[in-house]
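The values are calculated or read from the model by the stated rules, or taken from the named source; none is laboratory data. Quick caveat: nothing in here was measured; it's all calculated off a predicted structure. With ideal geometry, Cβ positions are generated from the backbone for all residues, glycine too; neighbour counts draw on all protein chains shown. Heads up: the accessible areas ignore ligands, DNA and RNA and are worked out on the full protein's heavy atoms, side chains in. Shrake-Rupley method; radii C 1.70, N 1.55, O 1.52, S 1.80 Å.
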Amino acid sequence: MSATANCLECDAPVPVPQDAIKGEIVTCKECGTAFELALAGSDGAFTLLLAEQEEEDWGE
Amino acid sequence: MVRVAVLGASGYIGGELLRLLLQHPEAELVAATSRTHAGEYVFRVHPNLRGTTELKFSSFDGGGLAGSADLAFAALPHGESVKAVPQLADAGLKVIDLSADFRLSDSRMYPVWYGYDHPRPDLLEKFVLSIPEINRDKVKGASLVSSPGCTAITAILALAPLLKDKSLGVDRDHIVVDAKVGSSGAGGKPSLSTHFSERFNVVRPYKPAGHRHSAEIEQVLASLSGERVAVSMSAHAVNMVRGILSTSHLFVSPPPKPIDVWKAYRAMYSGSYFVRMVRDKQGPFRLPDPKLVIGSNFCDVGFEIEERTGRLVALSATDNLVKGAAGNAVQSMNLMLGLDEKTGLTMAPLHPV
């Protein structure tokens, strides 16, 4: 069973796999924002950090 | 099975109604009327329907329809519908009108926006302007329904949650809607401006000020927010056959956080199958694009925020003939009949198109 965090961008639930490891990338199904899993404390729980993502470039 | 008739069935919206109703599991199509094509096979005018029906167009006969149909869709031109629909309404048929003749609740607005005095103002209060995602409970109990214009419904679906959620603090006096519309939005009657040589490759402004659909948008948004709302709208003909992209500009001080805007949309649309939130960080289609809704009853909705100027950009895309017209009308019929509103409408959009 996986834990759930809330997307920092759109607040949708983002499942975090039970066997996830620090540094793993998870993606919000709703808005596509990618997050890196970081350890929140010593209890092994994860928090979401915005991961680097490709931006659009329309010749700006 | 409900027996349905389509009035004005030779136009593009009429043809789309036939396409949807012919594969609807709870509808039996009993008549398709056309003044100019009476006696012809339906598929001679709508060649995509060859092999799907042997139905022929017939002349409008209000008395006859009263005995043979339970519900009628009226896809007649503005000003014509108001002559035919009262006969059906008075005979007790359920009616879904797709013209502008019953969209505005205040008869005094007809001379202002449409240039005529409404001949049956008594009927206006009996019609429900149907956008199921916004007022499905009212539509469920209605016998007489009006379906909004295609650009109006597209813009409204992007704007409604932002006006309803007062915590966002949207400036209600300065809302600008910019719509890009495909050629089928102009109907099936050819003219010089729709001639291929003149229409192909255009980005042609039409009605950059005073667009009639402003009235419907203001009416719906004002009823949702409980306050007067002023909408300025411009439309452009672009190089598509189907599709509308509505880009609406709202001004908010201080600008909201994306998460608050997401919450406003979810609060209104979380149970609405046909509204899809599209604000994606990945892929080539990160915001709504009509290309991805063609052939479907979906309305894709998304937004962006310009913090520097306090501008909230609300985007929405529909297939103008489906969610913008015939699909919204069939969805309304489903509700009026007590059916699941998705019945007969769950087809996925075409891609690529």
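A few comments on the model shown:
- Charge dipole (debye, nearest 20) of chain B; +1 at Cβ of Lys and Arg, -1 at Cβ of Asp and Glu: 600 debye
- Contour excess over end-to-end distance, with Cα ends at B:ALA66 and B:ARG266 and 0.36 nm allotted per residue: 67.8 nm
- DSSP-defined beta bridges in region B:151-318 - what % are antiparallel, rounded to 5: 70 percent
- Sorted on the mean count of surrounding Cβ atoms within 10 Å across their residues, most packed first, peptides B:6-12, B:147-153, B:219-225, B:278-284 read B:147-153, B:6-12, B:219-225, B:278-284.
- For region B:210-273, the set of trypsin sites (Lys or Arg not before Pro) satisfying both a DSSP loop assignment and a count of at most 10 other C-beta atoms within 10 Å is given as B:ARG228.
- Among the residues of region B:247-285, those with an accessible-area drop of 50 Å² or more from chain alone to full protein complex, heavy atoms and 1.4 Å probe, are B:ILE259, B:TRP262, B:ARG266, B:LYS281, B:GLN282.
- Here the protein assembly as shown is assigned +1 on the Cβ of each Lys and Arg and -1 on the Cβ of each Asp and Glu. Its dipole about the Cα centre then comes out at about 1200 debye.
- Chain B: projected area of the alpha-carbon convex hull, averaged over directions, in nm²: 17.4 nm²
- Prolate/oblate/rounded call for region B:110-222, Cα gyration tensor, a/c under 1.5 rounded: oblate
- Nitroxide proxy distance, nm - points 7 Å out along Cα→Cβ at B:MET347 and B:LYS138: 3.0 nm
- Ranked by how many other beta carbons lie within 10 Å on average, peptides B:189-195, B:123-129, B:14-20 from highest: B:14-20, B:123-129, B:189-195
- Protein heavy-atom accessible area occluded, A/B pair - total, 1.4 Å probe, Å²: 1100 Å²
- Counts of other chain beta carbons within 10 angstrom of each beta carbon in peptide A:22-31 average 2.
- Antiparallel beta bridges, as assigned by DSSP with both residues in the protein assembly as shown, represent about 55 percent of the total such bridges.
- The aspartates and glutamates within cross-link reach of B:LYS263, meaning a Cα-to-Cα straight distance under 12 Å and a gap of 8 or more places when in the same chain, are A:GLU9, A:ASP11, B:ASP165.
- Filter on B:LYS180/B:LYS281; B:LYS140/B:LYS189; B:LYS166/B:LYS342 - keep pairs with C-alpha separation over 28 Å: B:LYS140/B:LYS189; B:LYS166/B:LYS342
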